[in-house]
1. In straight Cα distance, which lysines are under 30 Å from K51, not counting same-chain residues fewer than 8 positions off?
2. Would you mind working out the accessible area per residue for the chain, using a 1.4 Å probe, and quoting it in Å²?
3. Looking at the square roots a ≥ b ≥ c of the eigenvalues of the Cα gyration tensor of segment 240-294, which shape do they give, rounded for a/c under 1.5, prolate if a/b is larger than b/c, or oblate?
4. How high is the relative contact order of segment 17-170, given as a whole-number percent (alpha carbon pairs under 8 Å, six or more residues apart)?
5. Just for the chain, what percent of DSSP beta bridges are antiparallel, to the closest 5?
6. Could you pull the Cα extents of segment 182-312 along its three principal axes, largest to smallest, in whole Å?
7. Long-range amide H contacts for I6: which residues qualify at under 5 Å (H placed 1.01 Å from N, peptide plane, sequence gap of 5 or more or a different chain)?
8. Can you check what the net charge comes to around A298, using other residues whose Cβ is under 12 Å from the Cβ of A298 (Lys, Arg +1; Asp, Glu -1)?
Amino acid sequence: MAMASISLPRIQSRNLKSDLDLDASELPALLDLAREVKRAPAAFRHALAGKSLALLFEMPSLRTRLTFELGMQQLGGFTVLSEGALGIREPIRDVARNLSRWVTGIVARTFQQETIEELALWATVPVINALSSDWHPCQALADMQTINERFGSPRGLKLAFIGDGNNVSNSLMICAARLGMEFAIGVPERYSPNAKIVAEARAMGGKVTVTSDPFAAASGAHAVYTDVWASMGAEQETAERAAAFEAYRVDDRLFAAARPDAIFMHCLPAHRGEEVTDSVMESPRSAVLDQAENRLHAQKALLLMLLADEQL
Ligand code: CP
């Protein structure tokens, strides 16, 4: 792809507060661009020259933070970082308005989704959710890219999520619905996903199953996904959740309920021996490192769609 000929797709909502900000044409367009960015990274190396990204992290990160830093550098831009709780020293609206005078975009990892919403309300530059209480949209973009690479197209496939109805499963559910994938979650009833998000996915035409039977969820799946049982912010519930999720560990027996060519997926970091066994993590069908790699490519595509000039 020659730089002079690139006309980038845009994201109408201007932000990525959640997966709901990507409509039925924008999500496939982003995944197409991510494939191109991965195939020919040099074609985009000056695309964000002179642009800057503020990274606001209330919680730790390896993959998200480093892939945004690398991604901006590889696109010709740069990042600045601020760690710590937002809304303590000063109101979030003041943070958003200060940053809007200095940078081209804001990436924020926050305990509460409301913090993302308030940043987006007051900022005059795009705001990207880098994980919040309710959503992890950047993770789901990389995951959908990984599924595309393994199966050609997500349409008609079944994605099984085994475990907590959390931010990651919410994002996957909405992306699956947008892309025509069946989504099944095997989860103890009290940790079921938010009913409003399930309703949103179904309203998009998504086939969504919520079941307390992990084997029913995994049955016939093309991809079996899990995440830690106690997400960041819920660590005080670790013991209680370990008991509740004991029957939801993805081991060889549960993975065998999926198709013989099914892949195993995890957003990482993983707690081996808890939500997944070593045997499944290290299986030839484990896609976890592809997912981690694709964080870089998918986020570069997102940054291009949100921050680049109309025509490269
Ligand atoms: N999957 C993910 O978001 O990883 P980090 O918490 O390391 O960013």
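1. K17, K38, K300
2. Values: 12820 Å² over 312 residues.
Averaged over the residues of the chain, the accessible area is 41 Å².
3. Working: a/c = 2.29, a/b = 1.30, b/c = 1.77.
Taking the square roots of the gyration eigenvalues as a ≥ b ≥ c, segment 240-294 is oblate.
4. For segment 17-170, the relative contact order is 22 percent.
5. Working: 1 of 36 bridges.
So the antiparallel bridges in the chain amount to around 5 percent.
6. Principal extents (largest minus smallest coordinate, Cα): 53, 35, 35 Å.
7. Amide H to amide H, under 5 Å and 5 or more residues apart or across chains, I6 pairs with L312.
8. Working: positive: R35, K38, R63, R295, K300; negative: D32, E36, D143, E149, D290, E293.
Here the count lands on -1.
The values are calculated or read from the model by the stated rules, or taken from the named source; none is laboratory data. Just so it is clear, the model here is predicted, and its values are computed rather than measured. Note that we place each Cβ from the backbone using ideal geometry, even for glycine, and neighbour counts take in every protein chain shown. SASA here: full protein model, heavy atoms, side chains in, ligands and nucleic acids out. Shrake-Rupley method; radii C 1.70, N 1.55, O 1.52, S 1.80 Å.
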